[in-house]
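One structure is given below, encoded as structure tokens.
The values are calculated or read from the model by the stated rules, or taken from the named source; none is laboratory data. The shown structure was predicted, so the numbers you read here are calculated from the model rather than taken from an experiment. We place every Cβ from the backbone using ideal geometry, glycine too, and count neighbours over all the protein chains shown. Just so you know, the surface numbers come from the protein's heavy atoms only, side chains and all, with ligands and any DNA or RNA stripped out. Shrake-Rupley method; radii C 1.70, N 1.55, O 1.52, S 1.80 Å.
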Amino acid sequence: MLKLTKRKEPLYALSGFGPNFLNLFVAVYLQNAVIGQMPWISLIDPTDPTTRLFVTVAIFSALILVTRILDALTNIPIAHLCDRTKSRWGRRRPCCLIGMCIMIPCYICLCNPLIINPPLDGSTLNACWFAIILIIYLCGSTLCMESFYGSFPEITYDTQARIRLTSWKAFYDTIQYSIGYALLPVVLSALNKNGIVLQTVALCLTPLLLTMLIPIFLIKEPSSYFIINTPTLKKKKLKIQANTTYVGFWESIKISLTNKNFLIWASIFAVFYFGLDLFLLGQGSLAGYSLKLNGWQTSVMNTAAFAPIPLMLLISNKVIKKYGFKVSFIVAIISFMIAMSSFMVAHHAWTNNVWISFSIATVGSTVGSYGITTFFSAPYFVPAQLASEAIEKNKKVNSSMFFGVQGIIVAISAALNDVVWINVSQLGNIVDSEGNVTGNDGTGAHVMTYIVLGVCTAALVAAIFLPRYFKDIGKKAKVKVKPYGPTDVAKNL
């Protein structure tokens, strides 16, 4: 595979923007809308209350857990498929294209519940429909993204190139989350007042998935086969395996799971990702119910978290080059814990003043932006670096498997988060005499901050004991310059 030039790195990193943004939209907006936890906009009918249930919560919670487990189980075989795909277009490009073609129709189906007017306690049919389509959608997303991430070690020259590429990826993630969490609440609230519902917005975002066409054009990968003409076979084309080292399924898993540094990273990643993902899932409810912020206040608070990230990326890269990845990661966890503590203190029942809650939360968001920066870039950089070193050592390509194993952790964490949040979010629901949910006092979102803070504390303790490898990874080697003294001058003479 031809290496990326420095000027093409920003464009290549943009490839995952569309799928990742729509994954966020599905998890945070569509999924919360069907369980009545989207305070800014109605799902289908603008006259419907935003607390309306489209699914039976208990059944939906169980089905989402099953869906996420199935998603986790498919990560390994899909990663292996990405590493071993044989075609005239190479290994990575066909997987990206097929995955995108699966995601587009599934995403459209997710925007359309089968039963538009469900009973007060939700619809079991809608819950089953959403869960079945979601697992197919997630398989397509996994095929796309693991093939894309698996190309990182192969398409970059060295560690510094991987740092640049993953930093660009983190930069686009910043834009993605800034739009998703800072801008969308205001936009959705305004659109809802004008009769435009969440379903319409979701369908208009579908073309974003076409960003996965970028790798199709930028990856310059030889065919997985040589095609030659053989006169003895009556000029039929004979496919011969190219000079590429393919890895068997179990051997590929073994290479990943016997990598000590990768196992250590995967363990800590599982802990901090659980906390980060739970916070991102409940952020909308936290702002609307626990802090009692309106649309523009939520937008300002989220902007304070995401706007400084480009600057924080530069600072983070300098910290990594000077002190190594470990120090940068520890500082990131501490900054995120400060942010969680501020959200906890800013609970409206404690401050009794929206402006005090808004001010505390905004300051906390700004401090936590460094943590969000590292959390965005680390899941790409660390596996890519470890996979690159494994390729050099074993002379075998299985880079997608590293991301596949990490993907299992993400899927399991997402499953636990979905179950935890779906149930915790119902705490504090305000129910009228007829059994209708008319609001929420923010108890569930407030409890979420305690859970996240506890998880981050565990991640911090684990990060402190990271081995020396993580202290040195990414650190720029110091070049010792020998003093040029009188003796050297005499020698030159």
Centre separation in Å (Cα based) which lies between the stretch 43-109 and the stretch 324-391: 27
Relative contact order (percent, whole number), the stretch 290-432, Cα cutoff 8 Å, 6+ residue spacing: 26
Distance (nanometres) between label positions extended 7 Å along Cα→Cβ at Leu14 and Ile334: 3.7
Local electrostatic count, Thr258, Cβ distance below 15 Å [Lys/Arg +1, Asp/Glu -1]: +2
Separation of alpha-carbon centers, the stretch 110-126 and the stretch 293-312, rounded to whole Å: 33
Summed residue charge, Cβ within 14 Å of Gly180's Cβ, Lys/Arg positive, Asp/Glu negative: -2
Shape of the stretch 319-431, Cα gyration tensor, a/c cut at 1.5: oblate
Estimated distance in nm for a label pair at Ser359 and Val461, the labels positioned 7 Å out from Cα along Cα-to-Cβ: 3.6
Eligible aspartates and glutamates near Lys3 by straight Cα distance, threshold 17 Å, same-chain separation 8 or greater: Glu154, Asp158, Glu221, Glu389, Glu392
Sites Asn112 and Asn423 - FRET efficiency at Förster radius 22 Å, r taken between beta-carbons, to 0.05: 0.25
Among 204-212, 409-417, 347-355, the order from most to least packed when residues are scored by Cβ within 10 Å on average: 409-417, 204-212, 347-355
Range of Cα positions in the chain per principal axis (Å), largest first: 92, 76, 38
Simple spin-label estimate for Ser87 and Leu210 in nanometres, 7 Å along Cα-Cβ: 2.0
Semi-axis lengths, Å, the stretch 40-142, gyration tensor of Cα atoms, sqrt of 5 times eigenvalues: 34, 15, 9
Nearest-0.05 FRET efficiency for Leu263 and Tyr323, computed from C-beta distance (R0 25 Å): 0.60
The chain: angle of helix 124-150 to the longest principal axis, Cα-based, in degrees nearest 10: 20
Surface share of carbon and sulfur [accessible, 1.4 angstrom probe, percent] for the chain: 68
Pairs from Lys169/Lys393; Lys6/Lys86; Lys260/Lys326; Lys260/Lys393; Lys260/Lys318 whose Cα-Cα separation, in the structure shown, is over 18 Å: Lys169/Lys393; Lys6/Lys86; Lys260/Lys318
Overall form of the stretch 69-111 per C-alpha gyration tensor (a/c, 1.5; a/b vs b/c): oblate
Per residue Cα convex hull volume in Å³ - calculated over the stretch 313-356: 67
Computed E for Val66/Thr200 - FRET, C-beta separation, R0 35 angstrom, nearest 0.05: 0.70
Dipole of the chain, positive direction: furthest Cα of Thr174, Ile116, Gly90, with charges on the beta-carbon: Gly90
Extended-chain gain in nm, criterion 0.36 nm per residue less alpha-carbon gap, Ala58 and Leu73: 3.1 nm
